[in-house]
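Enquirer: Here's a structure for you.
Bear in mind that the values in this text are calculations on the coordinates, not laboratory data. As the structure is a computational prediction, the values presented were derived from the model and not from experiment. No Cβ is skipped: glycine too gets one built from the backbone with ideal geometry, and neighbour counts run over all protein chains shown.
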Amino acid sequence: MSPLVVDPELCDPKYCEIICVKKCPVNKRNPDIKAISFNGKASINTDHCTRCSLCMNNCPENAISGISIKQMKKVEIDVFSNIELEVWKKSDYIVNNEMHSRFAESDTIFSRVENDPTYERYQEGVYSKVDEILKMNKLGYSKVDMALTAGSWVGYNKFPEAFEYKKGKGEKIDIEKLELSRIVKQTAKSFGAAIVGITRVKKEWLYTHDRNGDINIIPEHLDNVIVMAIEMDLEALQTSPAPIGGFATGNGYSRMAFLQASLAEFIKELGYDALPAGNNKGLSVPMAIDAGLGQYGRHGLLITEEFGSNVRICKIFTNMPLEHDKSKEFGVLDFCRTCMRCAQQCPSQSISYDKNPGWEGPTRSNNPGILKWYVNVESCYGFWVDNGGDCSNCISSCPFTKNRHWSHKIARYFIKKIPFLNWLWVKIDHWMGYGKQENHENFWKEDREFIHTR
């Protein structure tokens with residue numbers, strides 16, 4: 001993992017009151033040992049730095065990063081030799097059929113951890129270093145915090161029915177397609193979905209093999225897919241990469257399991273077949289794009305108009321006759337070319353700084369042939385292991401990941417309609433202090449309101 005470095009050209013203490021030195025947990029624990037010091041400019045001592053990224057996340061000038069200055073200023077390669085930029089920005093995605101082929105779930109990073117001896121993190125689970133980290137007494141990494149994360153995953157990990165194929169029961173209900181689609185969406189929201197979309201099943205997004213390398217089977221007659229997004233606990237997520245941020249993720253997945261199982265049962269009772277799925281069976285992000293939930297982001301995740309990236313996606317394959325939704329475009333691709341917040345806030349520096357997207361990624365777990373920004377999922381997962389839990393910095397730092405205050409709606413309108421001002425919105429987001437790690441202690445001190453299912 002590369003050390004944190006300070007860019008002396010960007011470091012300007014008159015704007016920050018040396019917040020990096022004040023935030024450093026190593027400095028707080030022992031005044032005689034400095035992981036970051038100040039002598040006109042901030043300086044990081046790599047012998048003592050634990051790479052917790054608190055200094056990087058709180059630096060108002062983005063002067064601290066996990067890559068060298070030389071790397072940040074590398075010359076970009078133009079991938080648009082045969083594609084008009086404006087065409088790409090208005091497209092859901094552009095696929096190079098000569099490069100692209102269906103992907104196997106066994107090639108995803110989570111499968112490779114279990115089954116690929118060539119991967120350097122082979123058989124290192126996300127939580128394999130928790131005991132070691134607890135002994136370090138790191139700020140925000142207490143046993144209580146870790147227990148909260150562990151508890152949040154129970155609903156997802158111990159609810160096998162959430163993934164069971166359900167055959168339709170009795171006679172199929174006879175309701176007009178548009179009305180049936182409305183009913184299904186309303187039911188999904190009643191069970192906890194924040195956004196729901198429907199599209200046809202595209203074979204190119206289905207996995208060829210499952211996580212264990214067996215043939216992935218989805219019955220041909222299940223030709224529609226209902227794609228749903230669960231909103232996560234934003235306040236908890238903003239403490240990432242601390243374990244409380246991991247609670248937001250686990251809680252989202254557990255609520256997702258309840259949602260997909262409940263809606264699949266509802267569909268079964270109406271006489272139609274239903275196959276619920278989380279991350280399995282197929283690529284969730286392109287299906288969500290097809291169903292009108294959002295667009296691709298620089299960080300490789302879905303960005304929705306309503307909740308930014310603060311969502312988890314699940315889906316149900318069904319033979320129920322449903323009306324398909326249209327994909328939507330609201331300026332994300334163009335904005336991501338200007339904004340680098342997710343890349344800047346990534347502790348493992350796994351997200352591309354290239355202005356333009358490319359056709360292939362750096363690892364076996366990247367599926368080439370789609371014009372997008374690719375993430376180094378190997379180094380990303382490596383940080384998760386060293387961190388003792390998952391990281392959501394790219395989600396929490398995304399300028400689209402905001403609450404639904406009217407001011408943010410105005411910003412989204414300008415991003416959609418007047419893209420040449422994108423640079424200004426990035427600056428404003430920076431000046432307002434958004435996207436930085438929130439204090440994990442507030443989670444326990446405040447009398448939190450119930451995060452209701454939508």
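Enquirer: Kindly write out, for the range 230-240 in residue order, the coupling ³J(HN,Hα) from the Karplus curve 6.51 cos²θ - 1.76 cosθ + 1.60 (θ = phi - 60°), rounded to whole Hz, with x marking Gly and Pro.
Expert: Coupling constants for the range 230-240: 9, 7, 8, 6, 5, 4, 5, 4, 6, 8, 3 Hz.
Enquirer: Enumerate the calculated ³J(HN,Hα) couplings along the range 245-261 in order (Karplus 6.51 cos²θ - 1.76 cosθ + 1.60, θ = phi - 60°), each rounded to whole Hz, writing x wherever the residue is Gly or Pro.
Expert: x, x, 4, 4, 5, x, 4, x, 5, 5, 5, 4, 4, 4, 4, 5, 5
Enquirer: Here's another thing I want to ask about it. What's the FRET efficiency of residue 32 with residue 202 using the Cβ-Cβ distance as r and R₀ = 56 Å, to the nearest 0.05?
Expert: The pair residue 32/residue 202 has a calculated efficiency of 0.40.
Enquirer: Can you give the convex hull volume of the alpha carbon atoms of the range 150-194 per residue, in Å³?
Expert: 100 Å³
Enquirer: Taking 8 Å as the Cα distance limit and 6 or more residues as the minimum spacing, I'd like the relative contact order of the chain as a percentage.
Expert: Relative contact order for the chain comes out at 20 percent.
Enquirer: Still on this model: Short version: ³J(HN,Hα) in whole Hz for each residue of the range 219-227, in order, from phi by Karplus 6.51 cos²θ - 1.76 cosθ + 1.60 (θ = phi - 60°), x for Gly and Pro, what are they?
Expert: x, 4, 6, 7, 9, 10, 10, 9, 10
Enquirer: Considering the range 192-324, what Rg and Dmax in Å follow from its alpha-carbon atoms?
Expert: Answer for the range 192-324, Rg first and Dmax second: 14.9, 45 Å.
Enquirer: Sticking with this one: Exposure proxy check: 304, 108 ranked by fewest other beta carbons within 10 Å?
Expert: 108, 304
Enquirer: Considering only 284, 40, 24, whose Cα is most displaced toward the positive end of the charge dipole of the chain, charges sitting on Cβ of Lys, Arg (+1) and Asp, Glu (-1)?
Expert: Value: 40.
Enquirer: So, one more: May I ask you to compute the full-extension gain from residue 22 to residue 154, defined as 0.36 nm times their residue separation minus their alpha-carbon distance, rounded to one decimal in nm?
Expert: This chain segment gains 43.8 nm when fully extended.
Enquirer: Determine, at each q value in 0.11, 0.17, 0.18 (inverse angstroms), the log₁₀ of I(q)/I(0) that the Debye formula gives when each Cα of the range 340-454 is one equal point scatterer.
Expert: -0.51, -1.08, -1.15
Enquirer: Given the DSSP H assignment, sum -39500 (n - 2.57) over each helix run of at least 4 residues in the chain and divide by its residue total; what's the result at 222 nm in deg cm²/dmol, nearest 500?
Expert: Estimated from H runs of four or more residues: -9500 deg cm²/dmol.
Enquirer: Now, a different point. Kindly state, to the nearest 0.05, the FRET efficiency for residue 215 paired with residue 423, given R0 = 41 Å and r defined as their beta-carbon distance.
Expert: 0.25
Enquirer: What residues have an amide H closer than 5 Å to that of residue 195, excluding those fewer than 5 places away on the same chain, when H is modeled at 1.01 Å from N in the peptide plane?
Expert: 229
Enquirer: Given a Förster radius of 45 Å and the C-beta distance between residue 323 and residue 432 as r, what FRET efficiency does 1/(1 + (r/R0)^6) yield to the nearest 0.05?
Expert: The computed FRET efficiency comes out at 0.65.
Enquirer: Roughly how big is the chain's charge dipole about its Cα centre, with Cβ charges of +1 (Lys, Arg) and -1 (Asp, Glu), in debye to the nearest 20?
Expert: The dipole magnitude comes to about 900 debye.
Enquirer: Highest mean first, how do 437-445, 231-239, 397-405 rank when packing is the count of other Cβ atoms within 10 Å averaged over residues?
Expert: Final packing ranking: 231-239, 397-405, 437-445.
Enquirer: Right, something else. Using only Cα atoms, what is the ratio of the radius of gyration of the range 318-405 to 2.2 N^0.38 Å?
Expert: For the range 318-405, the normalised Cα radius of gyration comes out at 1.32.
Enquirer: What is the order of 128, 327, fewest Cβ neighbours within 10 Å to most?
Expert: Placing the least packed residue first, the sequence is 128, 327.
Enquirer: Label-point separation (nm) for residue 439 and residue 173, each offset 7 Å from Cα along Cα-to-Cβ?
Expert: With each label point 7 Å from Cα toward Cβ, the separation is 5.0 nm.
Enquirer: Step through the table entries 268/328; 167/202; 23/135; 202/268; 158/281; 90/281, compare each Cα-Cα distance with 24 Å, and write down the pairs that go over it.
Expert: 268/328; 90/281
Enquirer: Here's something else I'd like to know. Semi-axes of the equivalent ellipsoid of the chain: what are they in whole Å, largest first, if each equals the square root of 5 times a C-alpha gyration tensor eigenvalue?
Expert: 37, 25, 22
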